[in-house]
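Read-outs throughout are calculated quantities, based only on the coordinates presented, and are distinct from any laboratory measurement. None of the values given here were measured: they were computed from a predicted structure. So basically every Cβ, Gly included, is an ideal-geometry build from the backbone, and we count neighbours across all protein chains shown.
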Amino acid sequence: MESETISTGVVNGGKLRLAGVTFLVMVMACSTSFGLDFMGPPVSSIGQGRFSVGVDYSYSSMDLELSGGRWVDHLDGEFLDSGKALSLELRDFEMNRAYATLGFGLVDNLDAFIRLGVADGRFGDSLWAENEKFESNPEPAIGAGVRATFYENERFALGGLFQAGWARFDGRLDSPYWASADYVEVDIAEIQIALGTAVKLSDQVAIYGGPFFHFVDGSMDDEMNEADMDLGGLVNTRYSWDVKESSNFGGYMGASFNANENACFNIEYQHTSDADAIGVSFAWRF
């Protein structure tokens, strides 16, 4: 979000190597997979020693793979039975995420940022095909990342972006056919890695975009309670799955609009074969 414009001038060789090495080290060092958060231009622009503050918002819809599932039954609090659960596809999991973002220019061609905000999620009729719907409460969400410029001139810049984020979604899964609702918890960590360009059309407008990779790692639990007359008690059943992305390669494009040398507004669209997102941001550099 903080990389809102293409700075003028040519990046010197030492800073170019520093940005490239730092970017690759951060990507390679991260062994866990953290989705479609707002990305912004894949180049730096804050400037060494400067800050930026702003807000980001993104809406995304994605298909997720639920695998490695288990179920466990308890009768009146005592273990009853357990087994493997079928692998499923959670279709059209929708997320809204809003952040306050703080960025810092480490050097002229390398920015870092952190995000703190809230997120909510929803899906419908995807687990049990019984017209069920899930909608979470607003929950805390966090994120962080870096943007690096590898090459630039007065009109064109080439760079990369790495960002990670985490959110939890708690809520009730309910159906008009059920006597009581299920309780669902989804934990999702996501990573996005993008390489791309930014092209300055004028002093006020730039366009940007490129290919990106998107990875998801998480878990999902579905807990239900049902009175069983045959067993003569309350049966608690808990399903648990691992969560992964259905597809992890896509592309994105966006535009930056500069009100002045400090204030910028971005809007963008992201797409993979199983996910779509739109995002907007506003930032103030100082």
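For residue 205 and residue 172, calculate 0.36 nm times their separation in residues minus their Cα-Cα distance, and state this gained length in nm to one decimal.
Here the segment from residue 205 to residue 172 would lengthen by 7.5 nm.
Do any chymotrypsin sites (Phe, Trp or Tyr not before Pro) in region 161-197 lie in a loop, going by DSSP, with at most 16 other beta-carbon atoms within 10 Å of their beta carbon, and if so which?
Numbers: sites: 162, 166, 169, 177, 178, 183; in loops: 177, 178.
Counting only loop positions with at most 16 other Cβ atoms within 10 Å, the chymotrypsin sites (Phe, Trp or Tyr not before Pro) in region 161-197 are 177, 178.
Wrap a convex hull around the Cα atoms of region 170-286, take a quarter of its surface area, and give that in square nanometres.
Working: hull surface 44.6 nm².
Approximately 11.2 nm², given one-decimal rounding.
Please arrange 239, 57 by how many other C-beta atoms lie within 10 Å of their C-beta, fewest to most. All intermediate terms of the calculation are to be shown ahead of the outcome.
Values: 239 20, 57 17.
Exposure proxy ranking, most exposed first: 57, 239.
Along the charge dipole of the chain, which of 250, 284, 116 sits closest to the positive end, that is, farthest toward it, with unit charges on the beta carbon of Lys, Arg, Asp and Glu (+1, +1, -1, -1)?
Positive-end residue among those listed: 284.
Go through region 276-286 residue by residue and turn each phi into a ³J(HN,Hα) via Karplus (6.51, -1.76, 1.60, θ = phi - 60°); whole Hz please, and just put x for glycine and proline.
9, 8, 10, x, 9, 8, 9, 9, 10, 9, 8
Using the Cα centre of region 200-256 as the reference point, and only Cβ charges (+1 on K/R, -1 on D/E), how large is the resulting charge dipole? Debye, rounded to the nearest 20. It would help to have the intermediate numbers written out before the result.
On the way: 3 positive and 10 negative charges, 123 e Å.
Once rounded to the nearest 20, the dipole reads 580 debye.
So if I place +1 on the C-beta of Lys and Arg and -1 on the C-beta of Asp and Glu, and nothing else carries charge, what would the dipole magnitude of region 77-204 be about its Cα centre? I want it in debye, nearest 20.
Numbers: 11 positive and 22 negative charges, 112 e Å.
It works out to roughly 540 debye.
Quick one: which residues, 5+ away or cross-chain, put their amide H under 5 Å from the amide H of residue 92? H built at 1.01 Å from N.
Under 5 Å from the amide H of residue 92: 62, 63, 64.
From largest to smallest, what semi-axes in whole angstrom does the chain give when each is the square root of 5 times an eigenvalue of its alpha carbon gyration tensor?
Semi-axes (√(5λ), whole Å): 44, 17, 15.
Give the residue from 207, 219, 184 lying farthest towards the positive end of the charge dipole for region 182-253; charges sit on Cβ (+1 for Lys and Arg, -1 for Asp and Glu) and the dipole is referred to the Cα centre.
Sorting the options by dipole projection puts first 207.
What size of dipole, in debye to the nearest 20, comes out for the chain about its Cα centre when the only charges are +1 on Lys and Arg C-beta atoms and -1 on Asp and Glu C-beta atoms? All intermediate terms of the calculation are to be shown ahead of the outcome.
Details: 18 positive and 43 negative charges, 413 e Å.
With only Lys, Arg, Asp and Glu charged at Cβ, the dipole is about 1980 debye.
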